[in-house]
Amino acid sequence: MRYVALFRGINVGGKNRIKMQELKELFIELGFTDVRSYIQSGNILFTMDRQLTDFSAEAEAAFEKRFDFFVPILYRTKAEMIGVRDRLPFTQEKVAEVEKKDPKISHLYVYFSADQLIQQELSALGEWAVVAEKDIYYLAEQSIRFSKLTTKINQLSKGLTARNWKTVTRLIALLEE
């Protein structure tokens, strides 16, 4: 089965720095195949025939032993990532309207959770979030750095990790290769 591992909090703001080649090598040593990294924010694509419950704890322990710190690792299968794309709750028109306000920044994100979440919608001035299954879709007119809503989002589940929409769609494309 094809997976993506989404690491929370590595290579962000100069903290928890890891070379992606070293992370890729760790996954190869653990017996994963077709291992590939994508950008420095901690995305590893791989193939594994075992069930997630059989290898997730092993991967976290090996990571902590190799790099001397712990970070949560969230996993999604290829099918789950395609579902994330297909369930986008915002229309293309709405996304385009928001992106026009400042085309230089990312406006659309997905927060990934290990837990099943309560479906709901949240909003603040110029910000919208839709919670669906284990994912939270977030759209904002301004930079995420100025968000009033992300504090509420981060309270919905421990260990959330976010990726912008460009990264999400690129990961899906890589999973589909």
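Within segment 9-31, residues that are loosely packed, with under 14 Cβ neighbours inside 10 Å reach partners that are among the polar types (S, T, N, Q) and not in a helix (DSSP H, G or I) with beta carbons closer than 6 Å, at six or more positions or on different chains, in the pairs Arg17/Asn11. The combined condition, being open to solvent by 20 Å² or more (accessible area, probe 1.4 Å), more than 25 Å from Asn16 (Cα to Cα) and out of contact with any His (no Cβ under 9 Å at 6 or more places or on another chain), is fulfilled by Glu93. Touching a residue at least 60 places away in the same chain (Cβ under 8 Å) and under 21 Å from Ile82 (Cβ atoms): is that true of Leu160 in this structure? Answer is yes for this residue.
Taking segment 157-177 as the range and being closer than 16 Å to Phe46 by Cα and open to solvent by 10 Å² or more (accessible area, probe 1.4 Å) as the test, the residues that pass are Arg170, Ala173, Glu176, Glu177. Step by step: first the residues of segment 101-133, then only those that are among the aliphatic types (A, V, I, L, M) and out of contact with any strand residue (DSSP E or B) (no Cβ under 8 Å at 6 or more places or on another chain), then the one that is surrounded by the fewest Cβ atoms within 10 Å (Cβ to Cβ). Which residue is that? Only one residue fits best here, namely Leu125.
Restricting Ala124, Ala132, Ala140, Ala114 to residues that are within 15 Å of Ala5 (Cα to Cα) and not polar (S, T, N, Q) narrows the list to Ala114. Residue pairs whose Cβ atoms lie under 8 Å apart, separated by 6 or more positions or on different chains, with the first residue in segment 88-108 and without any contact (Cβ under 8 Å) to a residue 12 or more places away in the chain and the second open to solvent by 90 Å² or more (accessible area, probe 1.4 Å), do not occur. Could you tell me whether Ala124 is more than 16 Å from the chain's Cα centre (by Cα), among the aliphatic types (A, V, I, L, M) and at pLDDT 95 or above? Answer is yes for this residue. Scanning segment 29-82 for residues that are closer than 11 Å to Tyr3 by Cα, assigned to a helix (DSSP H, G or I) and modelled with pLDDT of 95 or more returns Lys78, Ala79, Glu80, Met81. Considering (1) at pLDDT 95 or above; (2) open to solvent by 10 Å² or more (accessible area, probe 1.4 Å), the lone condition that Leu139 does not fulfil carries the number (2).
The values are calculated or read from the model by the stated rules, or taken from the named source; none is laboratory data. Bear in mind the structure is a predicted one, so any value in this text is a computation, not a measurement. No Cβ is skipped: glycine too gets one built from the backbone with ideal geometry, and neighbour counts run over all protein chains shown. In case anyone asks, the SASA skips ligands and DNA or RNA and just uses the protein heavy atoms, side chains included. Shrake-Rupley method; radii C 1.70, N 1.55, O 1.52, S 1.80 Å.
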